[in-house]
Structure formats: C-alpha cells, structure tokens
Amino acid sequence: ALAMHVDTKGMNRSAAWVWFPEGYAAADRGDSATADSTSLRIANLTKQPHEPEAAPNEDVYVEIMAQSVAGLSAFRRGDRQSGLDIIERAAARYESVPFDYGPPVPVKPPHELAGELLLLLGRPAEARAYFERSLRLAPRRIESLQGLAEAAAAAGDEAAARAAYTELMEIWHSADAGYPAKSEAARWLASHGNAG
C-alpha cells in the first residue's frame, strides 16, 4: 500500500482524505519532513475556492487533519507537549462540528489520538477522559475502547477496565482466536478474575 500512488490532481479538498493517512504514517514512523510538508499541503487546501457540492463541515475536517498530522509529527520528534497541545486544539475544534452520521472524520479522531499520546506520557486519567469523549462521538469504536480499557487499567480502575475489555470481547465474539488484541483482552480479564 505504501507504494501505491493516488493521483489527487483536481480533487481539491478531497485530496486531504488521501494525504492524511500518508502524513499520519510519516509522522508515526518519525519522518517529520514528510509529515510536516503533508500537513502544510492539507492546510493549504482550505485556501482553495469552495465547491458547490462540498460537505458543510469539509473545511473543519481538513483543518483537523492538518493539525493532527502536525501535532503527531511534533510529538514524535520529541516536542511532546507542543504536539499534544496541537492535537488537543484539534479535538476542541472537532467538538464544534455538528453531528454527522457514519464513521468518524478524520479516520483517526483527534480525541482518540490525544488519548493515545497521553497514555504514552503516563497520564492515564487524562487519556481516559479523551477516550470517553471519543466513544460518545463514535460509540463502540474499537481503538477508543481499547484505549479506554488500557487507561482505566493503568489508573487502577479495574471495574472500568473490565467493562471496556468485556465490551471488546462481545464485539470480537467471532474474531479469530489468535487475534492479538482479542488475546490481550482475554488475558487481562482472566488475570483479573473474569475469563471473558
């Protein structure tokens, strides 16, 4: 998939949906030059004229995608608090968007990303709040539920961790037995008095 090229010429703001995962992946692997240039390319899309058929929230989504890539890039290159601040601003901006049906836009919601970075910083209580907000916006989203379970467990709230891991096991009831995330959830539940 990394070798695939998608021609974004003429896509206008829709190019952000192609560039965001590219920039996110670059930031996550520590390629800050690519991530930062991609973030700027995404941000510059909002300067283009509006298309009549554009979704009402499109500019906000594009801004959030640019901020998420920029924030993750800063975080990965060691400017952790600055990167987290950028992503928290993106999450606050996301709060202003009217409710949309369907999966979250962008594909990595900023609340979830903020929660994951807070977990890396050893701040599980703050992370938990972000995962809970992410789940209010996208109920039963796997990545947010996993984050909530990990954050609750790290904060010592076994009841909340058990509830999140149990819900994950319900969602994964037909998943392959060797699925690593399912195995991890089952292991946690088994070690805390519940076979899941």
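Report, to the nearest 10°, how far helix 180-191 tilts away from the longest principal axis of the Cα atoms in the chain, using its own Cα long axis and a range of 0 to 90°.
Roughly 30 degrees between the two axes.
At 1.4 Å probe radius, can you tell me the per residue accessible area of the chain in Å²?
52
Accessible area of HIS173, 1.4 Å probe, to the nearest 10 Å²?
140
When you count, for each residue, the other Cβ atoms within 10 Å and take the mean per peptide, how do 123-133, 101-111, 59-69 rank with the highest first?
59-69, 123-133, 101-111
Among LEU119, SER32, SER96, pick out the residue whose Cα is farthest towards the positive end of the charge dipole of the range 8-122, where Lys and Arg carry +1 and Asp and Glu carry -1 on C-beta, about the Cα centre.
Farthest towards the positive pole: SER32.
Run the helix sum for the chain: -39,500 (n - 2.57) per DSSP H stretch of 4+ residues, divided by residue count, reported at 222 nm to the nearest 500 deg cm²/dmol.
That calculation yields -20500 deg cm²/dmol at 222 nm.
Please give the charge dipole size of the range 108-196, origin at the Cα centre, charges +1 on K and R Cβ atoms and -1 on D and E Cβ atoms. Round to the nearest 20 debye. Please report the intermediate quantities before stating the final value.
Values: 10 positive and 12 negative charges, 29 e Å.
Approximately 140 debye in magnitude.
Roughly how big is the range 93-133's charge dipole about its Cα centre, with Cβ charges of +1 (Lys, Arg) and -1 (Asp, Glu), in debye to the nearest 20?
Here the size comes out at about 80 debye.
Angle, helix 158-171 long axis vs. longest principal axis of the chain, Cα atoms, 0 to 90°, nearest 10?
Computed tilt is about 70 degrees.
First compute the accessible area of the range 100-155 with a 1.4 Å probe, then give the percent of it belonging to carbon and sulfur atoms.
Result for the range 100-155: 56 percent of the exposed heavy-atom area is carbon or sulfur.
Magnitude of the Cβ-charge dipole of the chain, K/R +1 and D/E -1, about the Cα centre, nearest 20 debye?
200
Taking all protein chains together and a probe of 1.4 Å, list SER32, SER174, SER96, SER144 from the most accessible to the least accessible.
Heavy-atom accessible area, descending, gives SER174, SER96, SER32, SER144.
Find the centroid of the Cα atoms in the range 144-196 and in the range 33-101, then give the distance between the two in whole Å.
So the two Cα centres are separated by 31 Å.
The values are calculated or read from the model by the stated rules, or taken from the named source; none is laboratory data. Bear in mind that the values here come from a model prediction, so they are computed numbers and not experimental data. No Cβ is skipped: glycine too gets one built from the backbone with ideal geometry, and neighbour counts run over all protein chains shown. We work out accessible area using only protein heavy atoms, side chains counted, and drop any ligands, DNA or RNA first. Shrake-Rupley method; radii C 1.70, N 1.55, O 1.52, S 1.80 Å.
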